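Please read the structure below before turning to the comments.
The values are calculated or read from the model by the stated rules, or taken from the named source; none is laboratory data. Treat the numbers as computed from the prediction; the structure is a model and nothing was measured. Here the Cβ positions follow ideal geometry from the backbone for every residue, glycine too, while neighbour counts run over all protein chains shown.
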Amino acid sequence: MSEGARGAGRPVPAGPFDRGREMASVTRTHNQPARKWPAEGVSRVPYWVYSDPEVYKREMEVIFAGHSYNYVGLECEIPNPGDYRRSFIGDKPVIFLRDGDGEVNVVANRCAHRGVKFCYAEHGNTSEFICPYHQWTYDLKGKLIGVPFRRGVKGRGGMPKDFKMEDHGLEVLKVATRGGVIFASFDPTMPSLEDYLGDKMLRYFDRVFDGRKLKLLGYSRQRMRSNWKVKFENLKDPYHASLLHVFLVSFGLFRADTPSRTEMDATGMHAVQVAQRGEQKAGEGTADMRAMMADLKLANPEMLQPYPEWASKGDETVVMQTVWPNLIVQQQSNTLAMRQIRAFSPEEYELHWTFFGYEDDDQEMTLRRLRQANLMGPAGYVSVDDSEVMESAQSGVSRFPNEEAVVEMGGRGTEDTPHMVTEGAIRAFYKHYIDVMGF
Ligand SMILES: [Fe+2]
């Protein structure tokens, strides 16, 4: 068993995230896949992984609903008792909420009676959830508290006498929170979130989520006609950044000739792309960068005026962190966002962006974060390039499922590198992926 399955089979360690809740037992079983990975290993990615429905089905079970923590939302989105918001784990609808005791709970958006997705509102405040179909009612801990006609009508019908309400609550997920970020898992045997991230990744996570209260700034979302992994890989691929993105290259926001590095955790599940901002100046290292526009001017240069808020935490001005399997923590200059990957089918996902700042930001800082947010999101000056390329990539890989990608930039290894001219984090991702999927 790989290190990625740390904690599997071991007793759940006692800690602040083990609240001793009653967990639904995981009894899902998985057959071995029929597909074979190329003999070259992680320096090749077979294109069938991006479109095969069987592969997708298996991913939803063993990756998203398996031994993983999935980002679901921020605590600042549900500040008051009764606040709830819908979210997703892979393609499974869930709800995160704050109960009457102030605890954060995450439940499957699936009635225990007939499987109905009972919560329709994107967010709201409530004291209970009522399924529209037969009005089974649940409290904010997921407990079943009402079954209409349970004792029948005029002595006829009703549930059997031995029907136990406590056996038919909502599926309650294991929850872990840190720095105002909420993660959940369908697997009740998960170790702590800290063990899951490991020390190296935790340090980067805590850099942004340093204990200050977060302030929600807004959302954007986009439906993409591509496989979810194409997006996850995109954020583990610094090689493209200096070549594809006019904005990153021209303004030196993230560029191969400035100090940068790629780091992974021991398993390859998580990674960071780290860089230090350069200048809008052509030089020796920019010759290969066709996207470089040395004379590109902004009508309002304020948009990119940085404020050195990260200076006390190192010299990096960009840290993009990918947390297996569905989260990208975005820190580019002063714009902060959680990007959540919601899968919908083998060739469709939604990218859900939650922009945030800190409660102690002044108005000017909030404005700065919002201005810089124009780089990101569905129509972002940077991200729009990725969106276009994601769909173009899908159009190639889904029509040629028996071909394969060559992933050899920076060598064939999966080690950290003090530069961004590498695809090492993609190889590290597939090292773990192959292991988990059983290829
Ligand atoms: Fe990109």
**Prompt:** Hey, any hits in the stretch 232-240 for a residue that's under 25 Å from Pro346 (Cβ atoms) and in contact with a His (Cβ under 8 Å, 6 or more places away or on another chain)?
**Reply:** yes
**Request:** Please name all residue pairs, on different chains or six or more residues apart, with Cβ atoms under 7 Å, provided the first residue is in the stretch 394-408 and is among the hydroxyl-bearing types (Ser, Thr, Tyr) and the second residue is modelled with pLDDT of 95 or more.
**Result:** Ser398/Tyr50; Ser398/Ser51; Ser398/Glu347
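Within the stretch 385-405, can you find the residues that are over 19 Å from the mean Cα position of the chain (by Cα) and within 16 Å of the ligand (Cβ to nearest atom)? Show your work before the answer.
The initial filter retains those residues of the stretch 385-405 that are over 19 Å from the mean Cα position of the chain (by Cα), namely 385, 388-389, 391-405.
Passing the criteria: Asp385, Glu388, Val389, Glu391, Ser392, Ala393, Gln394.
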**Request:** Take the stretch 226-253 and flag every residue that is of a type in the set (Gly, Ala, Ser) and within 11 Å of the ligand (Cβ to nearest atom).
**Result:** Ala241, Ser242
**Asked** Do any helices (runs of 4 or more DSSP H) lying entirely in the stretch 320-439 carry at least 2 residues that are touching a Lys or Arg at 6+ places or on another chain (Cβ under 7 Å) and closer than 22 Å to Thr258 by Cα, and which ones are they?
**Response** 424-437
**Asked** Take the residues of the stretch 14-62 that are within 23 Å of Met190 (Cα to Cα) and either modelled with pLDDT of 75 or more or in the same structural domain as Ala405 (by TED's automatic domain parsing) (or both): which is surrounded by the most Cβ atoms within 10 Å (Cβ to Cβ)?
**Response** Glu59
**Prompt:** Checking Gln305 against (1) surrounded by fewer than 14 Cβ atoms within 10 Å (Cβ to Cβ); (2) modelled with pLDDT under 95; (3) within 27 Å of Ser51 (Cα to Cα), which test does it fail?
**Reply:** (3)
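Confirm whether Ala256 is within 14 Å of the ligand (Cβ to nearest atom), part of a loop (DSSP other than H, G, I, E, B) and over 25 Å from the mean Cα position of the chain (by Cα). Spell out how you get there, then give the answer.
On the way: within 14 Å of the ligand (Cβ to nearest atom): yes; part of a loop (DSSP other than H, G, I, E, B): yes; over 25 Å from the mean Cα position of the chain (by Cα): yes.
Judged against the criteria, Ala256 is a match.
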**Prompt:** Any residue at all in the stretch 169-189 that is farther than 26 Å from Arg98 by Cα and under 19 Å from the mean Cα position of the chain (by Cα)?
**Reply:** no
**Asked** Among strands (runs of 3 or more DSSP E) lying entirely in the stretch 48-109, which contain 1 or more residues that are over 18 Å from the mean Cα position of the chain (by Cα) and in contact (Cβ under 8 Å) with a residue 24 or more places away in the chain?
**Response** 83-89, 92-98, 104-108
**Total residues in the stretch 259-302, condition more than 16 Å from the ligand (Cβ to nearest atom) and out of contact with any strand residue (DSSP E or B) (no Cβ under 9 Å at 6 or more places or on another chain)** = 24
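Restricting attention to the stretch 281-297, report how many residues are free of Cβ contacts under 8 Å to residues at least 40 places away in the same chain and either among the small types (Gly, Ala, Ser) or in a loop (DSSP other than H, G, I, E, B) (or both). Step through it out loud before you land on a result.
Going through the stretch 281-297, the residues free of Cβ contacts under 8 Å to residues at least 40 places away in the same chain turn out to be 281-287, 295, 297.
Retained after the next criterion (residues that are either among the small types (Gly, Ala, Ser) or in a loop (DSSP other than H, G, I, E, B) (or both)): 281-283, 285, 287, 295, 297.
Qualifying residue count, the stretch 281-297: 7.
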**Item:** Looking only at the stretch 183-204, and only at residues there that are farther than 20 Å from Val104 by Cα and of a type outside the set (Gly, Ala, Ser), the one that is surrounded by the fewest Cβ atoms within 10 Å (Cβ to Cβ)
**Value:** Asp199
